[in-house]
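Student: Right, I'll just put the structure down here and ask away after.
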Amino acid sequence: MPELPEVESIIRTLRNSSPALIGRHIKAVDVLWSGAVSGCYSSDLQAALEGSVFVSLGRHGKFLILELEAKNRSGKQFLIIHLRMTGRLSLVPLNQAVDRHTRLVFLLDRGLALRFDDPRKFGRLWLVNDPAEVTASLGPDALSVSYNEFAERFAVHRRQLKPLLLDQSFLAGIGNIYADESLFRSKLHPLTISSDLSPDEVRRLHCVIIAVLEEAVAVNGANIDGVFKAGEFVVNVYGREGYPCPVCRSPVVKIRVAQRGTHICPQCQSMPEKL
DNA sequence: CACTCTACCTGTGCGC
DNA sequence: TGCGCACAGGTAGAGT
């Protein structure tokens with residue numbers, strides 16, 4: 001399931017592809033499942049995008065932001081894509097057959113197609129004039145947030161750490177896997193109330209989040225048995241219930257926090273005193 | 001404000 | 001072998 005590092009990895013792959021996505025014209029858009037298109041009708045999306053050219057690629061948190069220039073219109077357009085859990089975006093040969101999970105195909109020049117596949121149909125796509133129409137409610141990107149901004153935003157909350165890290169309006173880009181990994185490496189229990197952290201612990205958490213995400217980005221994301229196999233980043237606790245903690249050898253335990261499967265080392269991540 | 005629950009989906013993997 | 005079912009995940013929106 002793509003979180004920030006996996007989305008970043010997709011962007012890098014698309015940037016380095018040859019022929020590149022940047023500069024490609026959209027000749028047509030096939031919408032195989034219209035539910036994937038949010039905020040407008042798929043016919044509007046098709047009409048607005050035909051003839052457009054990709055000019056840049058970026059992201060905010062887990063949202064991909066593809067900038068386009070329309071042929072006959074002034075002003076920019078942005079295709080915003082959220083892959084949610086099972087979405088995939090790939091550049092393929094134009095003649096490659098769709099499979100049963102293909103939801104959208106952008107037919108391009110130079111014999112290419114940009115394809116959106118998504119078995120679980122959770123992924124969504126928007127066409128807007130300003131990315132903020134979709135991303136305005138997001139907090140700062142987790143990969144580049146400064147310590148000052150992190151600490152400032154942290155200070156206004158009194159919440160359990162795990163749901164706080166997962167809250168995209170607090171910090172954009174962290175999902176279940178990297179939340180568990182960041183809390184493990186920070187030696188913090190997911191149920192700890194954020195306002196109970198010492199300034200040193202807040203600083204440590206910020207450092208760990210950035211370090212974890214940077215490490216994962218450097219190797220193209222996580223590699224989790226049976227779940228996500230894009231990259232080489234190996235997690236310590238997520239999905240490893242019953243396996244020994246790499247630090248102290250205590251068995252990793254799975255608990256439920258905010259309705260989410262949560263993995264901890266009960267030894268290294270001690271329970272907050274109040275519980 | 002903080003939290004919980006539900007809905008959205010479908011492939012996987014379990015128990016029987 | 002095959003059936004049924006719980007479960008996984010991110011987010012929005014409603015409710016406590």
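The values are calculated or read from the model by the stated rules, or taken from the named source; none is laboratory data. Here the structure is a predicted model, which means the values were calculated and not measured. Don't worry about glycine lacking a Cβ; one is built from the backbone with ideal geometry, like all the others, and counts go over all protein chains shown.
Student: Any idea how many residues of region A:11-34 are polar (S, T, N, Q) and touching a strand residue (DSSP E or B) at 6+ places or on another chain (Cβ under 7 Å)?
Tutor: Of the residues in region A:11-34, 1 are polar (S, T, N, Q) and touching a strand residue (DSSP E or B) at 6+ places or on another chain (Cβ under 7 Å).
Student: Now, a different point. Search region A:161-184 for residues that are outside the structural domain of A:Arg84 (by TED's automatic domain parsing) and touching a residue at least 60 places away in the same chain (Cβ under 8 Å) and pair each with any residue that is among the small types (Gly, Ala, Ser) and assigned to a helix (DSSP H, G or I) when their beta-carbon atoms are under 8 Å apart and the residues are at least 6 apart or on different chains.
Tutor: Pairs found: A:Lys162/A:Ala179; A:Leu166/A:Ala179; A:Ile174/A:Ser182; A:Tyr178/A:Ala216.
Student: In the list A:Ser42, A:Ser38, which residue meets the criterion of being modelled with pLDDT under 95, within 24 Å of A:Pro119 (Cα to Cα) and either among the acidic types (Asp, Glu) or crowded, with 16+ Cβ neighbours inside 10 Å (or both)?
Tutor: None of the other options fit; the residue is A:Ser42.
Student: Right, next: Give region A:132-183 a look and list any residue that's surrounded by fewer than 20 Cβ atoms within 10 Å (Cβ to Cβ) and of a type in the set (Gly, Ala, Ser), or say none.
Tutor: Hits for region A:132-183 are A:Ala132, A:Ala136, A:Ser137, A:Gly139, A:Ser144, A:Ser146, A:Ala151, A:Ala155, A:Ser169.
Student: Quickly run through region A:255-275 and pick out the residues that are within 14 Å of DNA strand B (Cβ to nearest atom) and either among the hydrophobic types (A, V, I, L, M, F, W, C) or closer than 12 Å to A:Asp180 by Cβ (or both).
Tutor: Listed by number, the residues that qualify are A:Ile255, A:Val257, A:Ala258, A:Arg260, A:Gly261, A:Thr262, A:Leu275.
Student: Would you confirm, using the coordinates I've provided, whether A:Phe116 is assigned by TED's automatic domain parsing to the domain that holds A:Ile65, within 11 Å of DNA strand B (Cβ to nearest atom) and in contact with a Gly (Cβ under 8 Å, 6 or more places away or on another chain)?
Tutor: When the stated conditions are applied, A:Phe116 does not pass them.
Student: Among the residues of region A:28-38, are any touching a residue at least 60 places away in the same chain (Cβ under 8 Å), in contact with a Ser or Thr (Cβ under 6 Å, 6 or more places away or on another chain), part of a loop (DSSP other than H, G, I, E, B) and farther than 29 Å from A:Val219 by Cβ?
Tutor: Looking for residues that are touching a residue at least 60 places away in the same chain (Cβ under 8 Å), in contact with a Ser or Thr (Cβ under 6 Å, 6 or more places away or on another chain), part of a loop (DSSP other than H, G, I, E, B) and farther than 29 Å from A:Val219 by Cβ, one finds at least one in region A:28-38, hence yes.
Student: Ok, one more. More than 16 Å from DNA strand C (Cβ to nearest atom), at pLDDT below 95 and closer than 30 Å to A:Ser194 by Cβ: which single residue out of A:Phe122, A:Phe150, A:Phe154 fits that description?
Tutor: So the residue among A:Phe122, A:Phe150, A:Phe154 that is more than 16 Å from DNA strand C (Cβ to nearest atom), at pLDDT below 95 and closer than 30 Å to A:Ser194 by Cβ is A:Phe154.
Student: Something else now. Which numbered condition in (1) over 23 Å from A:Leu4 (Cβ atoms); (2) modelled with pLDDT under 95; (3) not aliphatic (A, V, I, L, M) is the only one that A:Gly23 fails?
Tutor: Result: A:Gly23 passes all but (2).
Student: Can you tell which of A:Leu108, A:Leu104, A:Leu89 is in contact (Cβ under 8 Å) with a residue 24 or more places away in the chain, in contact with a strand residue (DSSP E or B) (Cβ under 7 Å, 6 or more places away or on another chain), under 13 Å from A:Trp126 (Cβ atoms) and surrounded by 13 or more Cβ atoms within 10 Å (Cβ to Cβ)?
Tutor: On inspection, the qualifying residue turns out to be A:Leu104.
Student: For A:Asp99, state whether it is at pLDDT below 95 and closer than 24 Å to A:Gly58 by Cα.
Tutor: The answer is no for A:Asp99.
Student: Additional query: Surrounded by 20 or more Cβ atoms within 10 Å (Cβ to Cβ), within 16 Å of DNA strand B (Cβ to nearest atom) and not assigned by TED's automatic domain parsing to the domain that holds A:Glu214: is that true of A:Leu83 in this structure?
Tutor: Spelling it out, A:Leu83 is indeed surrounded by 20 or more Cβ atoms within 10 Å (Cβ to Cβ), within 16 Å of DNA strand B (Cβ to nearest atom) and not assigned by TED's automatic domain parsing to the domain that holds A:Glu214.
Student: Hey, another quick one. Select from region A:228-273 the residues that are of a type in the set (Lys, Arg) and surrounded by fewer than 13 Cβ atoms within 10 Å (Cβ to Cβ) and list them in ascending order.
Tutor: Within region A:228-273, A:Lys229, A:Arg249, A:Arg256 meet the criteria.
Student: Would you call A:Leu188 within 16 Å of DNA strand C (Cβ to nearest atom), within 30 Å of A:Ser270 (Cα to Cα), at pLDDT 95 or above and surrounded by 16 or more Cβ atoms within 10 Å (Cβ to Cβ)?
Tutor: no
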